[in-house]
1. Return the residue satisfying two criteria in turn: it lies in the stretch B:82-119 and is part of a loop (DSSP other than H, G, I, E, B) and more than 23 Å from residue B:59 (Cβ to Cβ), and of such residues it is nearest to the chain's Cα centre (by Cα).
2. Just the residues that are outside any loop (DSSP other than H, G, I, E, B) and surrounded by fewer than 23 Cβ atoms within 10 Å (Cβ to Cβ), please, taken from the stretch A:182-209.
3. Go through the stretch A:29-43 and give me each residue that's in a strand (DSSP E or B) and either over 16 Å from residue A:84 (Cα atoms) or over 22 Å from the mean Cα position of the chain (by Cα) (or both).
4. Kindly indicate whether residue A:63 is surrounded by 21 or more Cβ atoms within 10 Å (Cβ to Cβ) and part of a loop (DSSP other than H, G, I, E, B).
5. If residue B:110 satisfies every condition in (1) under 30 Å from residue A:170 (Cα atoms); (2) without any contact (Cβ under 8 Å) to a residue 40 or more places away in the chain; (3) touching a strand residue (DSSP E or B) at 6+ places or on another chain (Cβ under 9 Å); (4) surrounded by 12 or more Cβ atoms within 10 Å (Cβ to Cβ) but one, which is the exception?
6. Taking the stretch A:71-99 only, how many residues are crowded, with 21+ Cβ neighbours inside 10 Å and within 12 Å of chain B (Cβ to nearest Cβ)?
7. More than 16 Å from the chain's Cα centre (by Cα) and either buried (at least 22 other Cβ atoms within 10 Å of the Cβ) or without any contact (Cβ under 8 Å) to a residue 40 or more places away in the chain (or both): which single residue out of A:212, A:233 fits that description?
8. Take residue A:7 and decide whether it is more than 14 Å from chain B (Cβ to nearest Cβ) and in a strand (DSSP E or B).
């Protein structure tokens, strides 16, 4: 029996449909789980927190949903080794919940994806490059070293920030899974938002919780690209590779 | 001349209501929460607030009022805070212990923010 993935919907989540679509396209058995059905979450084997504005980013992005009852199940599942993926606002929720980088106790954030250096929303196509050994995490095990994944950065608060000691711990602990990169794989000038260490995605020590700020699901099909007018616009594009690795890890058990 | 002021909502403040509900869920037994934007203004500020929905209070000092904690971004604009004023169930302003608990459990992310308490 295939592993089942829950795509969580908090009040204000808005990216659940495209996230669900790409997960199913790559062979994952995925369902949307509305906040009113959070009690079904323990039945699932993995969790995805999609992008959006959960609870309107009240107080801080991710602060209120981190204490939502659905997160009780996500935190418990993560402690048992279930895979947990957060994208954009989902990534912010995972940081507020202390699940990544995971250098402190649960629900005690030690870092944040906060205001971009420009102090405004950005929307641009980016690439993220794998910076860890692929075997470090089931999320990345199917990728090549230095794998390059296309995605869309669409956020006003995507900059990794923490105190210097914590940033050093994050870097030395191998918690930065992906950094921003140019299309040729170079990293010079690639970070669009001032994120510390060029960080685009954080991983916990155990490797089962990944928080990525840009949206690979928004580069999952050719129709996401204004330049790709030839061929099958419904065909998977570069961002699908990110989810293919996730689905492979789930189905491998 | 620069003054410190607090600008809050006259209309229901959904963010404060959410903060209150979440704090209670986290074991901070608040009765009511008020939220203000705190900052310095000077005579050159052309538009400060909308009197149809905002209330403005001029502050006597540049520090939190009784029952209030100010949250500032570590790398944000100088002299700009979010003020959270907490009241106990009996209507009295929250004491320092309750403010610290509220800041620790929800209102302040120490990775990116600092909390300032009343003296």
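1. Only one residue fits best here, namely B:109.
2. A:196, A:197, A:198
3. Scanning the stretch A:29-43 gives a single hit, A:34.
4. For residue A:63, the condition - surrounded by 21 or more Cβ atoms within 10 Å (Cβ to Cβ) and part of a loop (DSSP other than H, G, I, E, B) - is met.
5. Just one mismatch for residue B:110, condition (3).
6. Count: 5.
7. Result of the check over A:212, A:233: A:233.
8. Criteria met by residue A:7.
The values are calculated or read from the model by the stated rules, or taken from the named source; none is laboratory data. As the structure is a computational prediction, the values presented were derived from the model and not from experiment. Note that we place each Cβ from the backbone using ideal geometry, even for glycine, and neighbour counts take in every protein chain shown.
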